[in-house]
């Protein structure tokens, strides 16, 4: 039955959630001493499959073999004890406690019932030394940078001395240098015979580090091929099931006169933005690029009035304005689509109607403050139709939609406020490739309707694909503003490192 | 230069704000001493720490649940249950209105252990309801508050529905006695509270249960994927709380000399208030034994001090209420990120 050449075999895994078949005959075969990429659009079932392996979910059907032996973990503890560990996509850390408490959580070294503090410290130090990580084991997690937190998670997964290590988007908050560092760690693990399942959306990384690639789509297994035989385009076409030669819609917006001027904007609570100056034209898409921690989000948040500004001027149509709160910003024609959709975008437990109209609520009130139901329905329908939201009804809870459709609702929410300046912070994060195209199209359509658009993105191709100009942030300052047509990735990366 | 000055000013302000609760309390104590300088005496200090003792034990129990991002509204009624049951089993043999006239005189340890067992069962039920049925702790323990009060009242009615007094002197001495230590004598209650505090400190800081408790309270998902059993942790912390409640209930009745089914009413909110003033976060994952000791002590100083200088009980309520709000507002300030 089983082929013991594989370290891990997952066969015909099925998993159904109410209303969704999340996994439908998914499979994965992991060789020892190899890095295996697991790819697919968001919602393809990669994380679900890994959660079935790790005992967070229990699969409905299918078999899992570890070293040729059938296993069925019912909780993460069992998985860890059998040599399967995982770097989770969401940073699963207890922020209020120390680094070493997090590393040894669930398996504290102890003498009798007493925790062996010193041993814990020494062991943590040893692990960090082995991996060349320079973090004080006694530091509290909340005092670490995001990338340090991620390195702690990676060190933790390694410290279980597992044979199978799952890394779910391990590089999402790492700088390029740290990614290199991680790759060194991965190669070391590989040389020790570990099998690594690597989930990432970053094609360059996959092709660089992985030996094999398994592609999933809609919960199904699509293909497994050696990475050497694949290209970015090939992987994408396997992921989306069609040839995606046009990743971006044709650009036909024409920037007009200047509508917004920002002069020497500086935030009150530093480290944050300093002396940020730029302008934005009517019908223009201005990208903001920068590394993690370069304070891109702080630029739009300060403009939107939700961060305090110490100095600087914001001029709209020649008139100096001050946004001291989001309410004022909305009145002045600003809209901000926030970076973290789940935290600050959607109201997950509420329906599409509520999520559509909430930013514009005062315009539905009559003199007595009573809401006009018909107008609410009408505007919600407008959001659904014009944004092409795929939903059974206005009453559907927004959290049951896919990421892309959620994002469309939120974009629609902001358009209802009739903004002149739309600020989009990572508008395509966590959205699958097909839906991304639709979001791009919507952005360009808005530009054609003379909106000024500021778009922050960590995906270089996307910035190069749909913006007119790109502002590059480096360490809280503007490193340069370049014309998209005349620039390339190298120039942007060079600028991004200017003030480091 | 100006920049340096502004920075110093800001730091001073931060320092004052971060320690505002202690400053307010020092001022309050200052005012009390100013109004009646006799407040400052060893005797008063002894009274305060003696009165604080049972509250300390209760606070330690409820604090664990707060660290788990939970709460417990049934504390007071658990104290009442332990009090009536232990009192009824520990009456003097010669007492005329003895509830169980034919019962032999029990060693005091037996009824105490029995009461601890009782409250531990109810507290464990709380834990099971929270962990297994996923009922929010506020609702689960609100319900349990009523259930336990009902049970204690039924028992109280069944044994005569009048204050249970005439306690075995060995039992009252267990709580009211003192341990002579050279020139001073330390009240037994203070010793029990101190020992309990040390044990709980040890559990919180030196054992797996303590670490797991902070992990589950700080980030339950992280705890789960690291192989920590959330259910087990919640239940063990509830068991610990139940033991402390039962013990405190017995001490409380022995201290006061008699019990009704209403004994302990409101102790839950007092305990929670003292704990949050001591810096335990309501959102879980944060707290220290030192803070809790301080919180309990602060409350007792206010209680006793204000009464000592004859401040009207109604005004005392207002002062206590404001202190809770200010303390938590200031504490929360530390965790809010400035934007």
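Just one of the numbered conditions (1) within 14 Å of chain B (Cβ to nearest Cβ); (2) farther than 22 Å from residue A:227 by Cβ; (3) surrounded by 16 or more Cβ atoms within 10 Å (Cβ to Cβ) is not true of residue A:74: (3).
Looking at the structure I just gave you, is residue B:253 away from every other protein chain (no Cβ under 12 Å), surrounded by fewer than 24 Cβ atoms within 10 Å (Cβ to Cβ) and over 30 Å from residue B:21 (Cα atoms)? Here the answer is no, as residue B:253 does not meet what is asked. For first residues located in the stretch A:153-164 and under 19 Å from residue A:91 (Cβ atoms) and in the same structural domain as residue A:137 (by TED's automatic domain parsing), partners that are assigned to a helix (DSSP H, G or I) and modelled with pLDDT under 90 and lie 6+ apart or on another chain with Cβ distances below 8 Å do not occur. Within the stretch A:464-486, the set of residues being touching a strand residue (DSSP E or B) at 6+ places or on another chain (Cβ under 7 Å) and at pLDDT below 90 is empty.
The sole residue among A:260, A:291 that is surrounded by 14 or more Cβ atoms within 10 Å (Cβ to Cβ), away from chain B (no Cβ under 14 Å) and farther than 30 Å from residue A:432 by Cβ is A:260. Per this entry, residue A:445 is counted among residues that are surrounded by fewer than 20 Cβ atoms within 10 Å (Cβ to Cβ), at pLDDT 90 or above and either in the same structural domain as residue A:46 (by TED's automatic domain parsing) or in a helix (DSSP H, G or I) (or both). Reported count of residues in the stretch A:112-135, each being more than 10 Å from chain B (Cβ to nearest Cβ) and not in a helix (DSSP H, G or I), is 5. Taking the stretch A:87-99 as the region of interest, how many residues are more than 7 Å from every other protein chain (Cβ to nearest Cβ) and in contact (Cβ under 8 Å) with a residue 40 or more places away in the chain? Qualifying residue count for the region: 5.
If only residues of the stretch B:195-227 that are touching a strand residue (DSSP E or B) at 6+ places or on another chain (Cβ under 9 Å) and without any contact (Cβ under 8 Å) to a residue 24 or more places away in the chain are counted, the one that is farthest from residue B:291 (Cα to Cα) is B:225. For the stretch B:71-83, does any single residue satisfy the condition of being surrounded by fewer than 24 Cβ atoms within 10 Å (Cβ to Cβ) and assigned to a helix (DSSP H, G or I)? No, there is no match, as no residue in the stretch B:71-83 is surrounded by fewer than 24 Cβ atoms within 10 Å (Cβ to Cβ) and assigned to a helix (DSSP H, G or I).
Okay, residues lined up against (1) in contact (Cβ under 8 Å) with a residue 24 or more places away in the chain; (2) over 27 Å from residue A:444 (Cα atoms):
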position: A:258; (1), (2): yes, no
position: A:264; (1), (2): yes, yes
position: A:269; (1), (2): yes, yes
position: A:272; (1), (2): yes, yes
position: A:277; (1), (2): yes, no
position: A:318; (1), (2): no, no
position: A:322; (1), (2): no, yes
position: A:325; (1), (2): no, yes
position: A:330; (1), (2): yes, no
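Within the stretch A:226-240, being touching a helix residue (DSSP H, G or I) at 6+ places or on another chain (Cβ under 9 Å) and within 23 Å of residue A:22 (Cα to Cα) holds for A:235, A:236, A:239, A:240. When the residues of the stretch B:166-183 are filtered to those that are in contact (Cβ under 8 Å) with a residue 12 or more places away in the chain and buried (at least 16 other Cβ atoms within 10 Å of the Cβ), the one that is nearest to residue B:220 (Cα to Cα) is B:175.
When residue B:192 is tested against (1) within 12 Å of chain A (Cβ to nearest Cβ); (2) touching a residue at least 60 places away in the same chain (Cβ under 8 Å); (3) out of contact with any strand residue (DSSP E or B) (no Cβ under 9 Å at 6 or more places or on another chain), exactly one condition is not met: (1). The residue of the stretch B:220-239 that is farthest from the other protein chains (Cβ to nearest Cβ), among those that are farther than 17 Å from residue A:107 by Cβ and crowded, with 24+ Cβ neighbours inside 10 Å, is B:238.
What residue, among those in the stretch A:222-236 that are assigned to a helix (DSSP H, G or I) and over 23 Å from the mean Cα position of the chain (by Cα), is surrounded by the most Cβ atoms within 10 Å (Cβ to Cβ)? Of everything passing the filter in the stretch A:222-236, A:227 is surrounded by the most Cβ atoms within 10 Å (Cβ to Cβ). All of (1) closer than 26 Å to residue A:254 by Cβ; (2) in contact (Cβ under 8 Å) with a residue 40 or more places away in the chain; (3) touching a helix residue (DSSP H, G or I) at 6+ places or on another chain (Cβ under 7 Å); (4) in a helix (DSSP H, G or I) hold for residue A:434 with one exception: (1). Flag set for residue B:186, criterion: under 22 Å from the mean Cα position of the chain (by Cα), at pLDDT below 95, surrounded by fewer than 21 Cβ atoms within 10 Å (Cβ to Cβ) and more than 14 Å from chain A (Cβ to nearest Cβ).
Screening residue A:102 against (1) within 10 Å of chain B (Cβ to nearest Cβ); (2) buried (at least 19 other Cβ atoms within 10 Å of the Cβ); (3) more than 28 Å from the chain's Cα centre (by Cα) leaves a single unmet condition, (3). Taken together, the criteria exclude residue A:283 from residues that are more than 14 Å from chain B (Cβ to nearest Cβ), more than 18 Å from residue A:413 (Cβ to Cβ), touching a residue at least 60 places away in the same chain (Cβ under 8 Å) and buried (at least 22 other Cβ atoms within 10 Å of the Cβ). Quick check on residue A:161: is it in contact with a strand residue (DSSP E or B) (Cβ under 9 Å, 6 or more places away or on another chain), in a loop (DSSP other than H, G, I, E, B) and more than 12 Å from chain B (Cβ to nearest Cβ)? It is true that residue A:161 is in contact with a strand residue (DSSP E or B) (Cβ under 9 Å, 6 or more places away or on another chain), in a loop (DSSP other than H, G, I, E, B) and more than 12 Å from chain B (Cβ to nearest Cβ).
Scanning the stretch A:56-78 for residues that are more than 24 Å from residue B:217 (Cβ to Cβ) and under 28 Å from the mean Cα position of the chain (by Cα) returns A:57, A:58, A:59.
For the stretch A:89-105, the condition holds for at least one residue, the condition being that it is under 24 Å from residue A:213 (Cα atoms) and touching a helix residue (DSSP H, G or I) at 6+ places or on another chain (Cβ under 8 Å). Residue check: residue A:249 meets all listed conditions (1) outside any strand (DSSP E or B); (2) in contact (Cβ under 8 Å) with a residue 24 or more places away in the chain; (3) over 24 Å from the mean Cα position of the chain (by Cα) but one, namely (3).
The values are calculated or read from the model by the stated rules, or taken from the named source; none is laboratory data. All figures in this text were calculated on a predicted structure; none of them were measured in a lab. A quick note on method: Cβ atoms are made from the backbone with ideal geometry, for glycine too, and the neighbour counts reach across all protein chains shown.
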